Amino acid sequence: MLLGAISKRTIADPIFRRGSTPFWSVARPNGPLTIPRRAMTGKQQVQVDRIGRTGIIRLDRPDVLNAYTPDMGDELVDAFRTLASDSEVCAIVLTGKGRAFCVGADRNFLNGEKGQNGLRLGEEDFIGGFATELLTIAKPTIAAINGKAVGLGCTMLLPLDFRIAADSASFSFPFARLGLMPGMGSTFLLPRIVGDVAAREIIFGSAVLDSGAALRAGLIGEVVADDRLQDAAMRLAATFETADAATLAAIKSTLNGAAVRAMNIAVETELRKARECLAARSAMHKQEPIPT
């Protein structure tokens, strides 16, 4: 696989050898970045750093396994846009803090609760259309999946260019079982990544894949030991430092050109179908007889 080949080419560099200082702890010329926040209060739910020429976005709700909220969605959009426009950044890594990547939407928001941004789940840009923008980011995007990725925690990975998983990672697609419509263009992206038959088996069957099964399916490109995940992501990001940024952007734009057009249709359809499913479910519950 491409990622395996990259690892073999770069692993000989002393900075990447086991026992040496991890790449991301060498020099921090920039460190944590201040991302312009929208009108919100409370703790930030996304942490952003720039280490060398790599931008790192970390989901930062480890106490609830990085459960997603509309506020987190807004912060993710701001973080990606900030790093995408930073001329010093050559690649962007997305990962989670703690023992999980993201266990899906916070249950409180599945019940209609509004975030600090005043939006309900699905009304924010991240779910409402940002997946297409992710495809158009000119820089390589890398997911470093630590622990569980569930529901939205899986679909947010699909627009990224590369996906590297820790050995303990797992991928759960519970949408059909929970009566939820998968989003973020996943109905288009998942078949594109793993093939149509495998995508149907995963989505229709509410599949849970361990890291090995995900690798065999093509959902991820590499599996590494848990304690080497960040090394692997940073090593891959470093390979793009010597590439011509304009050429890399042109190649990515060409690779994703047709996908962007299809994604716009997929996202719009998913949102419409999600509303229809919700309305049908609400109507069904209203018609149920009241127990006596």
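The values are calculated or read from the model by the stated rules, or taken from the named source; none is laboratory data. Just so it is clear, the model here is predicted, and its values are computed rather than measured. Here the Cβ is made from the backbone with ideal geometry for all residues, glycine too, and neighbour counts use every protein chain on show.
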Subject >> Condition check for Gly153: buried (at least 24 other Cβ atoms within 10 Å of the Cβ), touching a Cys at 6+ places or on another chain (Cβ under 8 Å), in a helix (DSSP H, G or I) and small (Gly, Ala, Ser) >> reply: yes
Original post:
Picking from Ala262, Ala233, Ala213, which residue would you name as being out of contact with any strand residue (DSSP E or B) (no Cβ under 9 Å at 6 or more places or on another chain), assigned to a helix (DSSP H, G or I), surrounded by 14 or more Cβ atoms within 10 Å (Cβ to Cβ) and hydrophobic (A, V, I, L, M, F, W, C)?
Top reply: Ala262
**OP:** Keeping to the range 163-208, report how many residues are surrounded by fewer than 21 Cβ atoms within 10 Å (Cβ to Cβ) and outside any helix (DSSP H, G or I).
**Re:** 13
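Quick grid of which residues meet (1) crowded, with 21+ Cβ neighbours inside 10 Å; (2) more than 26 Å from Pro182 (Cβ to Cβ); (3) touching a Leu at 6+ places or on another chain (Cβ under 8 Å):
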| site | (1), (2), (3) |
| --- | --- |
| Val48 | yes, yes, yes |
| Gly55 | yes, yes, yes |
| Asp60 | no, no, no |
| Ala67 | yes, no, no |
| Asp86 | no, yes, no |
| Leu110 | no, no, yes |
| Lys114 | no, no, no |
| Ile127 | yes, no, yes |
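Given the criterion of a type outside the set (D, E, K, R), within 30 Å of Asp210 (Cβ to Cβ) and modelled with pLDDT under 90, identify the matching residue among Ala262, Ala274.
After applying the criteria, what remains is Ala274.
Quick grid of which residues meet (1) within 22 Å of Leu94 (Cβ to Cβ); (2) in contact (Cβ under 8 Å) with a residue 40 or more places away in the chain; (3) among the charged types (D, E, K, R):
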position	(1), (2), (3)
Ala214	yes, yes, no
Asp226	yes, yes, yes
Phe240	yes, yes, no
Ser253	yes, yes, no
Arg261	no, no, yes
Arg272	no, no, yes
Cys277	no, yes, no
